[in-house]
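**Student:** Below you will find the structure I want to go over with you.
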Amino acid sequence: MPIARAAASVNLEAVELRVLHLPLVAPFTTSFGTETVREVIVVRVRTADGDGWGEIVTQHEPYYSSEYTQGAWDVAQRFLVPALMDAGTFAPLFPEQVGTILEPVIGHRMVKAGLELAVLDASLRTQGRPLGEYLGAVRDRVPSGVSVGIQRDPAALVEAVQGYLDQGYVRIKIKIKPGRDVADTAAVRDAFGEIPLQVDANSAYTLADADVLAALDRFDLLLIEQPLQEDDIVDHAALAARLRTPVCLDESIVSAKAARDALALRAASVINIKAGRVGGYLEAVRIHDLCRDAGVPVWCGGMLETGIGRAANAALAALPGFTLPGDVSAAGRFYRRDIVTDPIVLDDGHVRVPTGPGLGIEIDPVALDDVTVERVELRR
Ligand code: OSB
Ligand code: MG
């Protein structure tokens with residue numbers, strides 16, 4: 001379904017950026033490291049008609065992606081915000097133009113996504129229009145999966161998964177890495193039987209590990225996510241041909257073009273869509289559309305979002321091609337205290353798609369200030 005390009009223009013007056021440090025309820029371990037405090041950037045655009053909010057989902061270290069928070073902080077202030085300001089000085093700014101305006105800067109997609117989201121939010125709020133409706137949502141709630149980090153040992157993993165199943169999560173994803181793959185997956189399968197289960201390797205393997213990865217075939221996983229490196233498209237195709245488990249790409253899919261190429265080369269039969277990784281929610285919808293036309297299932301990935309990005313992810317995940325449960329969990333899965341007044345909760349294994357204007361959230365200014373470690377305001 002094409003996007004109705006009807007969001008209102010905004011008159012940009014200023015852009016506020018904040019680095020936040022949000023303590024996690026428990027450490028989150030992947031093949032590339034352990035996070036205990038989420039470092040993220042929040043964007044507020046100030047317009048003549050009100051504010052809009054966005055989130056730049058970088059992590060503090062460039063291990064998932066080449067992007068990282070202090071790099072994002074720099075490029076936003078020196079290049080991307082000024083480009084937006086310049087464009088908005090001579091003409092009203094439409095959200096659908098943001099991607100094109102920022103295109104001359106190579107990469108830095110998470111920063112572009114956060115800026116575009118803030119402009120979109122400001123624009124849709126003036127129209128009283130929810131983001132979900134604008135993007136093409138067809139559901140008012142979405143099934144909620146949870147991404148479970150690597151634990152001390154398989155027994156601890158089983159205990160962690162039990163806790164999430166008790167809360168009602170409808171799909172479990174476990175992180176794996178070499179040496180913590182077959183036994184961990186077997187432990188979860190043995191403990192819980194036929195639950196919807198998938199694994200995420202975050203690029204920790206090479207094609208030489210194909211035998212180990214093929215040993216996962218016996219667990220009837222929904223998919224294996226990003227076994228090889230970001231630029232290993234041909235190797236992913238070779239691996240996919242050897243596995244019964246469907247290969248899903250995350251890190252490799254940095255744009256609609258990358259998605260098209262990966263599908264053409266048969267490197268993936270499922271795609272994880274993260275708006276930050278692909279440069280914004282509008283590019284995310286383009287990937288959704290091309291996958292839908294190709295009959296390829298997609299699901300909504302996560303980057304430990306605050307209530308800002310989490311609301312946007314719930315809206316995106318409500319599009320018709322999102323036929324697999326996403327990593328759109330309750331805010332409480334990561335944070336004791338969110339920065340929004342009405343954090344997303346789990347209800348019968350689902351999260352609700354916000355219905356208010358724009359992102360449909362209100363910022364809790366005290367909570368936001370409490371976790372802000374750096375703040376800057378850029379004016380025209
Ligand atoms: O690979 O999906 C990933 C978190 C940070 C970086 C990469 C990933 C993840 C997750 C967490 O798996 C998903 C979530 O936000 O719930
Ligand atoms: Mg992933």
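**Student:** Which of the residues spanning the stretch 43-88 are basic (Lys, Arg) and open to solvent by less than 50 Å² (accessible area, probe 1.4 Å)? Lay out the reasoning, then the answer.
**Tutor:** Of all residues in the stretch 43-88, those basic (Lys, Arg) come to 44, 46, 78.
Hit for the stretch 43-88 is 44, nothing else.
**Student:** Another question about this same structure. In the set 25, 19, which member is open to solvent by less than 20 Å² (accessible area, probe 1.4 Å), in contact (Cβ under 8 Å) with a residue 40 or more places away in the chain and hydrophobic (A, V, I, L, M, F, W, C)?
**Tutor:** Details: 25 fails: open to solvent by less than 20 Å² (accessible area, probe 1.4 Å).
Only one candidate qualifies: 19.
Matching residues to (1) over 20 Å from residue 98 (Cα atoms); (2) without any contact (Cβ under 8 Å) to a residue 60 or more places away in the chain; (3) under 14 Å from the mean Cα position of the chain (by Cα); (4) within 16 Å of ligand 1 (Cβ to nearest atom):
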| residue | (1), (2), (3), (4) |
| --- | --- |
| 275 | no, no, yes, yes |
| 280 | no, no, yes, no |
| 286 | no, yes, no, no |
| 305 | yes, no, yes, yes |
| 312 | no, no, yes, yes |
| 316 | no, no, yes, yes |
| 321 | yes, yes, no, no |
| 331 | yes, yes, yes, yes |
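**Student:** Since residue 169 meets every condition but one in (1) within 16 Å of ligand 2 (Cβ to nearest atom); (2) not in a helix (DSSP H, G or I), which condition does it not meet?
**Tutor:** (1)
**Student:** Say whether the condition of being part of a strand (DSSP E or B) and either modelled with pLDDT of 95 or more or open to solvent by less than 20 Å² (accessible area, probe 1.4 Å) (or both) is met by at least one residue in the stretch 151-163. Don't jump to the end; show me each part of the working.
**Tutor:** Of the residues in the stretch 151-163, the ones part of a strand (DSSP E or B) are none.
No - not one qualifying residue is present in the stretch 151-163.
**Student:** Here is a further query. Can you tell me which residue is farthest from residue 315 (Cα to Cα) among those in the stretch 139-165 that are within 16 Å of ligand 2 (Cβ to nearest atom) and of a type in the set (A, V, I, L, M)?
**Tutor:** So the first thing to find is which residues in the stretch 139-165 are within 16 Å of ligand 2 (Cβ to nearest atom), and the list is 145-150.
Now narrow it down to the ones that are of a type in the set (A, V, I, L, M): 146, 148, 150.
Numbers: 146: 17, 148: 23, 150: 28 Å.
Only one residue tops the list, namely 150.
**Student:** Hey, another quick one. Could you check, for the stretch 234-257, whether at least one of its residues is within 25 Å of residue 105 (Cα to Cα), modelled with pLDDT of 95 or more, among the aliphatic types (A, V, I, L, M) and crowded, with 21+ Cβ neighbours inside 10 Å?
**Tutor:** So the first thing to find is which residues in the stretch 234-257 are within 25 Å of residue 105 (Cα to Cα), and the list is 249-257.
Next cut, modelled with pLDDT of 95 or more only: 249-257.
So of that shortlist, the ones also among the aliphatic types (A, V, I, L, M) come out as 249, 253-254, 256.
Subset that is crowded, with 21+ Cβ neighbours inside 10 Å: 249, 253.
Checked against the condition, which is being within 25 Å of residue 105 (Cα to Cα), modelled with pLDDT of 95 or more, among the aliphatic types (A, V, I, L, M) and crowded, with 21+ Cβ neighbours inside 10 Å, the stretch 234-257 yields at least one hit.
**Student:** Given the residues 323, 306, 341, 372, which is the only one that is surrounded by fewer than 20 Cβ atoms within 10 Å (Cβ to Cβ) and in contact with an Asp or Glu (Cβ under 8 Å, 6 or more places away or on another chain)? Let's see the steps before the verdict.
**Tutor:** Details: 323 fails: in contact with an Asp or Glu (Cβ under 8 Å, 6 or more places away or on another chain); 306 fails: surrounded by fewer than 20 Cβ atoms within 10 Å (Cβ to Cβ); 372 fails: in contact with an Asp or Glu (Cβ under 8 Å, 6 or more places away or on another chain).
Criteria check complete, one pass: 341.
**Student:** Just one of (1) free of Cβ contacts under 8 Å to residues at least 40 places away in the same chain; (2) assigned by TED's automatic domain parsing to the domain that holds residue 137 trips up residue 369, so point out which.
**Tutor:** Of the numbered conditions (1) free of Cβ contacts under 8 Å to residues at least 40 places away in the same chain; (2) assigned by TED's automatic domain parsing to the domain that holds residue 137, the odd one out for residue 369 is (2).
**Student:** Looking only at the stretch 22-59, which residues are within 16 Å of ligand 2 (Cβ to nearest atom) and either acidic (Asp, Glu) or assigned by TED's automatic domain parsing to the domain that holds residue 204 (or both)?
**Tutor:** Of everything in the stretch 22-59, just one residue is within 16 Å of ligand 2 (Cβ to nearest atom) and either acidic (Asp, Glu) or assigned by TED's automatic domain parsing to the domain that holds residue 204 (or both), namely 35.
**Student:** Looking at the stretch 184-196 only, could you name the residues that are touching a Lys or Arg at 6+ places or on another chain (Cβ under 7 Å) and surrounded by 21 or more Cβ atoms within 10 Å (Cβ to Cβ)? Spell out how you get there, then give the answer.
**Tutor:** Initial filter on the stretch 184-196 (touching a Lys or Arg at 6+ places or on another chain (Cβ under 7 Å)): 196.
Hits for the stretch 184-196: nothing passes.
**Student:** Among the residues that make up the stretch 292-300, is at least one of them open to solvent by 20 Å² or more (accessible area, probe 1.4 Å), on the phi > 0 side of the Ramachandran plot and either in a loop (DSSP other than H, G, I, E, B) or out of contact with any Asp or Glu (no Cβ under 9 Å at 6 or more places or on another chain) (or both)? Explain how you work it out, then say what you get.
**Tutor:** Start the filter on the stretch 292-300 by keeping residues that are open to solvent by 20 Å² or more (accessible area, probe 1.4 Å), which leaves 292-297.
Applying the additional criterion that residues be on the phi > 0 side of the Ramachandran plot yields 295.
Those left that are additionally either in a loop (DSSP other than H, G, I, E, B) or out of contact with any Asp or Glu (no Cβ under 9 Å at 6 or more places or on another chain) (or both): 295.
For the stretch 292-300, residues open to solvent by 20 Å² or more (accessible area, probe 1.4 Å), on the phi > 0 side of the Ramachandran plot and either in a loop (DSSP other than H, G, I, E, B) or out of contact with any Asp or Glu (no Cβ under 9 Å at 6 or more places or on another chain) (or both): present.
**Student:** Are any residues in the stretch 288-303 within 16 Å of ligand 2 (Cβ to nearest atom), of a type outside the set (A, V, I, L, M, F, W, C) and touching a residue at least 60 places away in the same chain (Cβ under 8 Å), and if so, which ones?
**Tutor:** Passing the criteria: only 302.
**Student:** Working only within the stretch 208-230, note down all residues that are touching a Pro at 6+ places or on another chain (Cβ under 9 Å), open to solvent by 30 Å² or more (accessible area, probe 1.4 Å) and over 24 Å from residue 62 (Cβ atoms).
**Tutor:** Scanning the stretch 208-230 gives 212, 222.
The values are calculated or read from the model by the stated rules, or taken from the named source; none is laboratory data. Note that the structure is a prediction, hence the values are computed from the model and not measured. No Cβ is skipped: glycine too gets one built from the backbone with ideal geometry, and neighbour counts run over all protein chains shown. Calculation scope for accessible area: heavy atoms of the full protein, side chains included, ligands and nucleic acids excluded. Shrake-Rupley method; radii C 1.70, N 1.55, O 1.52, S 1.80 Å.
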